[in-house]
Amino acid sequence: MNEFIQDFLSFIQVERGYSKNTVVSYKLDLEQFAAFAGADFPKVERQVVQDYLRHLSEESFSRTSIERKLATLKSFFHYMVGEGSAAADPTSDFKLPKKAKRLPKALSIGDTLKLITSPRGNDPWSLRDSAILELLYATGMRASELTALNLDDINLEVSFIRCLGKGSKERVVPVGKAALKAIRDYLEKGRVNFPQKDKVAFFLDKNGERLTRQGLWMIIKKHVKKQGLRGKTSPHTLRHSFATHLLEKGADLRSVQEMLGHSDISTTQIYTSVSRERLKKMYNQAHPRA
């Protein structure tokens, strides 16, 4: 059983280019199902899958988690049939329920400016935090993309940054003047004063190692609290704000799609819904006949 799982994981990592985190999630999902099924994967029948989904529901797993686990099983058994390791796919007639589109949260422009200008001072920590916040909002980068940045990924001369996104897809995103200034200040006055254990990582932690996603989240949390901003705000909130504000100011959808690194434009289109919702709210508040 473990051999089948390992073969599948190697397939999605090497041939499909899935990220390390995605592969780990698939592995955990499959091991959890294997523990429940207690049978060899090629012989698992539809009823076992049905019982498993019911078990997850009874254990109070969220709808999102159950959908993800079913998607994992569907991918796995599709692979097994294709490889000739299973005679039939026991998940073939299971349909994933349509997930309700949840509008991403974006900060107002005012709150965004409060957050990204929160770090003050010329100490290394403030300069680093300022560069992080400015860069997240200037580019719409994911947290994982920002923490994976290396020194040679940013070209200050042409004002572009190279990102390695999901599935190891590379894209190039422009960087604005405010972010470029914050980056230069960090490189010239900030990073040089950190311990230099990691010679290539762009953003370092207090020990001179590459900044982790958890460390990034703590930085955001610190400045959100400092500015008294309400609601849950994460590195991804700045990504949502980046996209929403661009569209509100007239940017075309295709350009925003390219900058965000979305393979499907329908993923980017959800931000147009955010803009419409804000427009409707403003209309209802301001129009005397609304």
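The values are calculated or read from the model by the stated rules, or taken from the named source; none is laboratory data. Bear in mind the structure is a predicted one, so any value in this text is a computation, not a measurement. Please note: Cβ atoms are built from the backbone with ideal geometry, for glycine as well, and neighbour counts cover all protein chains shown.
Summary of values
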| read-out | value |
| --- | --- |
| Inter-residue pairs, beta-carbon under 6 Å, first crowded, with 24+ Cβ neighbours inside 10 Å and in segment 118-138, second of a type in the set (S, T, Y) and part of a helix (DSSP H, G or I), 6+ apart | R128/Y186; A131/Y186 |
| Residues of segment 1-36 satisfying the condition of being of a type in the set (V, I, T) and either under 20 Å from the mean Cα position of the chain (by Cα) or exposed (fewer than 14 other Cβ atoms within 10 Å of the Cβ) (or both) | I12, V14, T22, V23, V24 |
| Residue within segment 169-182 that is over 21 Å from F242 (Cβ atoms), assigned to a helix (DSSP H, G or I), more than 21 Å from the chain's Cα centre (by Cα) and assigned by TED's automatic domain parsing to the domain that holds S241 present | no |
| Top-ranked residue in segment 179-199 [being closer than 13 Å to N150 by Cα and modelled with pLDDT under 95; ranked as surrounded by the most Cβ atoms within 10 Å (Cβ to Cβ)] | D198 |
| So R191, is it farther than 20 Å from H236 by Cα and in contact with a helix residue (DSSP H, G or I) (Cβ under 8 Å, 6 or more places away or on another chain) | yes |
| Counted residues, segment 136-157 - those being within 24 Å of A251 (Cα to Cα) and assigned to a strand (DSSP E or B) | 2 |
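For every residue, the table says whether it meets (1) touching a residue at least 24 places away in the same chain (Cβ under 8 Å); (2) polar (S, T, N, Q).
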| residue | (1), (2) |
| --- | --- |
| R191 | yes, no |
| F203 | yes, no |
| Q214 | no, yes |
| G228 | no, no |
| T237 | yes, yes |
| A243 | yes, no |
| G250 | no, no |
| M259 | yes, no |
| Q269 | no, yes |
